[in-house]
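The values are calculated or read from the model by the stated rules, or taken from the named source; none is laboratory data. These numbers were taken from a predicted model, which means no experiment stands behind them. Cβ atoms come from the backbone with ideal geometry, glycine included; neighbour counts cover every protein chain shown.
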């Protein structure tokens, strides 16, 4: 074998703390290395060209590049060696940036470490074999999980381009958080007027199948061929018969229940349609609120329903679908703000969240679009907005900026003056963060045109005095204490990943962080991909974002889905397990551990042997570590290859 | 110049620590730590595997018998495996293996397994620093007679 080694400077990223020339020089003396050099930027066009030329000039049969993480550029360099005429698996990478130059400051140890990592890569490469990917058919259908604005956009874009789409929404209606909003910044557009027609488009599109009030039960398979089980939760209403007339809601005797859609403002009947523009506009019975399910004699809804749609006996239903790609768009939830004792921790009726305030402002909300104090129904004249509640606060484990609160607070201050012209708004803020088209102008309008008083400082306490609330805080610009008497206090509560995100991530086999946000493939270059092939992200499930960004990401995820499924055949990863039938004793241990049922028992002239279904094998190597004979080996990560790396390190 | 200073500040000579890391989580976590410039001791050499479940305990045994001063395996948090259940197998195997180490004449503290996700750069820094410190407190492992020395490499690096 003739090996070429290329050590990348990565500008000064590597070269500043690793003696790159020394690494290249030492690499030149390693076994079977016939050419070793350093390069300023191995991934640049001249860098890749130099690799191609060297392959040809020195008739190289394998290439090692020591540069950044293989998670970053392995695919890039595999294409390079392929262009030069080599099999793309005759390539290894040594990670001397993320794992060496960026985490150690001393050149001496860093250089030794880089040399050793290169040696390990060379020794592994010596045992690499050419691998040929197989073609396999893909299902040209996409699953979108979450029917908020990002999921709606992704669904519509995919469907418009000719793909079949299955949209799954856990709530009875699609629309997500945006459907709860009254107006949107910075144009003060009516939220339901923009979103409503898109929701109708989803319902009417011939290529979109909508499963509302449903959840993902399980996901199996792999890119191009996922099998997904959807749990259609029992609505206790036959949706094929329900016309959404609302008679049942009117007649239901159990009316004083927590209203989820209205964030607990007002109350809901046990049988309910969340809001007038709901898609689908179908009733759902909440068993925990329903008298019938509590063993009381009721069934009034069934008596009055003109189409006989009520069915208290209904059970959850499981539906299995095949899809080629999955877009997760599960959005966010408000962080728990009741941890703040200083804001009353939910004890005062007139301290509400910004999302509750939206429902108050909405004409279809519980207060008919009138701003009222929840405690006594009076119109508030003094409204205090507190920013950065459960945002930018490491003390409660929420160190990040939620990003959209500054803007919606400015909008809410504007709306307050619009609704109650003689009202005064106060905004306690830390910094105003308004980077976006027309955003900063908007926050200025709130102050200059609508007279909102912005106070830079934190609030130390909210407490009742008479029937009012006193907000005490600091004005850091004046360097003084301030006290504002408020009729209503609105907390700009930040967001966190949806509470069910972790469970879904486990089903999708994607990563998530400690705030419940899904991890993108690369923070810059793969913002909507994940590290699981065929699973994409859209909207706030990846990190909080406002409506324009969520929509952009919905379209981006759709573009990625379409690109993936634009081909009828996908290439499978050939890094799969291989059985050496001479060594296989047919014990079947590999069959037991395989998470994908990719191994089966085959009969070979009367002897039982393991057989790998290459199209199904995902390359985890569990079987390899289990096989008592070492008969089943994971290509590209064989026992010998791993041990070659160990030996390269310990006994060079 | 001799290779002597670890970045943790202690001027102890570097020891041999081998890491077997899952590509989907801990390897990414180590990348995240690098991108965040979370400075770590330099003793660890990482071998990338597709899954912690790919770790054959014999890899670890072989590394320890060939003179490694410590071995660290890191995978995805339980229930969060890229391959659904690979890390459950890893956990069971590695725990049993750890119990067995005294039989091999190896101090079980020389081997640890841990779970670090791709987003947990800081956690990775902590894991590496703590484990390296633990290995340094144990000192160099007993070398088997005839085990090769690494002096020539140190010299070649100047």
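Go through (1) over 30 Å from residue A:651 (Cβ atoms); (2) surrounded by fewer than 19 Cβ atoms within 10 Å (Cβ to Cβ); (3) outside the structural domain of residue A:530 (by TED's automatic domain parsing) and name the single condition residue A:58 misses.
Condition (1) is where residue A:58 drops out.
With A:651, A:617, A:623 as the choices, which residue is modelled with pLDDT under 95 and within 30 Å of residue A:536 (Cβ to Cβ)?
Within the list A:651, A:617, A:623, the selection yields A:617.
Look through region A:450-492, keep the residues that are in contact with a helix residue (DSSP H, G or I) (Cβ under 6 Å, 6 or more places away or on another chain) and in a loop (DSSP other than H, G, I, E, B), and return whichever of them is surrounded by the fewest Cβ atoms within 10 Å (Cβ to Cβ).
A:450
Can you confirm whether residue A:218 is in contact (Cβ under 8 Å) with a residue 60 or more places away in the chain and under 22 Å from the mean Cα position of the chain (by Cα)?
yes
Just give me the residues in region B:29-47 being closer than 21 Å to residue A:643 by Cβ and more than 7 Å from every other protein chain (Cβ to nearest Cβ), in sequence order.
Once the filter is applied, which keeps residues that are closer than 21 Å to residue A:643 by Cβ and more than 7 Å from every other protein chain (Cβ to nearest Cβ), region B:29-47 yields B:43, B:44.
Residue by residue through region A:208-245, note down the ones that are crowded, with 17+ Cβ neighbours inside 10 Å and touching a helix residue (DSSP H, G or I) at 6+ places or on another chain (Cβ under 7 Å).
Once the filter is applied, which keeps residues that are crowded, with 17+ Cβ neighbours inside 10 Å and touching a helix residue (DSSP H, G or I) at 6+ places or on another chain (Cβ under 7 Å), region A:208-245 yields A:208, A:210, A:216, A:219.
If you check A:533, A:615, A:559, A:602, which single one turns out to be farther than 30 Å from residue B:35 by Cα, surrounded by fewer than 22 Cβ atoms within 10 Å (Cβ to Cβ) and in contact (Cβ under 8 Å) with a residue 60 or more places away in the chain?
Answer to the selection: A:615.
Take region A:267-283 and flag every residue that is assigned to a loop (DSSP other than H, G, I, E, B) and buried (at least 17 other Cβ atoms within 10 Å of the Cβ).
Within region A:267-283, A:269, A:270, A:273, A:274, A:275, A:277, A:278, A:279, A:280, A:281, A:282, A:283 qualify.
Count, please, the residues in region A:152-191 that happen to be within 26 Å of residue A:438 (Cα to Cα), crowded, with 23+ Cβ neighbours inside 10 Å and more than 19 Å from the chain's Cα centre (by Cα).
3
If you check A:433, A:398, A:373, which single one turns out to be closer than 24 Å to residue A:547 by Cβ and in contact with a strand residue (DSSP E or B) (Cβ under 8 Å, 6 or more places away or on another chain)?
A:398
Inside region A:39-76, can you point out the residues that are assigned to a helix (DSSP H, G or I) and within 19 Å of residue A:2 (Cα to Cα)?
Within region A:39-76, A:48, A:49, A:50, A:51, A:52, A:53, A:54, A:55, A:56, A:57 qualify.
Within region A:493-507, is there a residue that is part of a loop (DSSP other than H, G, I, E, B), surrounded by 22 or more Cβ atoms within 10 Å (Cβ to Cβ) and in contact with a strand residue (DSSP E or B) (Cβ under 9 Å, 6 or more places away or on another chain)?
Yes.
For region A:565-596: of the residues being touching a residue at least 12 places away in the same chain (Cβ under 8 Å), surrounded by fewer than 20 Cβ atoms within 10 Å (Cβ to Cβ) and within 16 Å of residue A:164 (Cα to Cα), which is farthest from the other protein chains (Cβ to nearest Cβ)?
A:568
When you go through A:118, A:149 one by one, which is the residue that is in the same structural domain as residue A:198 (by TED's automatic domain parsing) and either over 27 Å from residue A:562 (Cα atoms) or crowded, with 24+ Cβ neighbours inside 10 Å (or both)?
The match here is A:149.
Return the residue satisfying two criteria in turn: it lies in region B:85-113 and is crowded, with 22+ Cβ neighbours inside 10 Å and over 30 Å from residue A:652 (Cα atoms), and of such residues it is farthest from the other protein chains (Cβ to nearest Cβ).
B:87
Give region A:401-417 a look and list any residue that's assigned to a loop (DSSP other than H, G, I, E, B) and closer than 14 Å to residue A:181 by Cβ, or say none.
Of everything in region A:401-417, just one residue is assigned to a loop (DSSP other than H, G, I, E, B) and closer than 14 Å to residue A:181 by Cβ, namely A:404.
Give the residue that is farthest from residue A:409 (Cα to Cα), with candidates limited to residues of region A:431-449 that are touching a helix residue (DSSP H, G or I) at 6+ places or on another chain (Cβ under 9 Å) and part of a loop (DSSP other than H, G, I, E, B).
So the residue we want is A:437.
Looking at region A:97-116, which of its residues are within 7 Å of chain B (Cβ to nearest Cβ), touching a residue at least 24 places away in the same chain (Cβ under 8 Å), out of contact with any strand residue (DSSP E or B) (no Cβ under 8 Å at 6 or more places or on another chain) and part of a helix (DSSP H, G or I)?
Those that are within 7 Å of chain B (Cβ to nearest Cβ), touching a residue at least 24 places away in the same chain (Cβ under 8 Å), out of contact with any strand residue (DSSP E or B) (no Cβ under 8 Å at 6 or more places or on another chain) and part of a helix (DSSP H, G or I): A:98, A:110, A:111, A:115.
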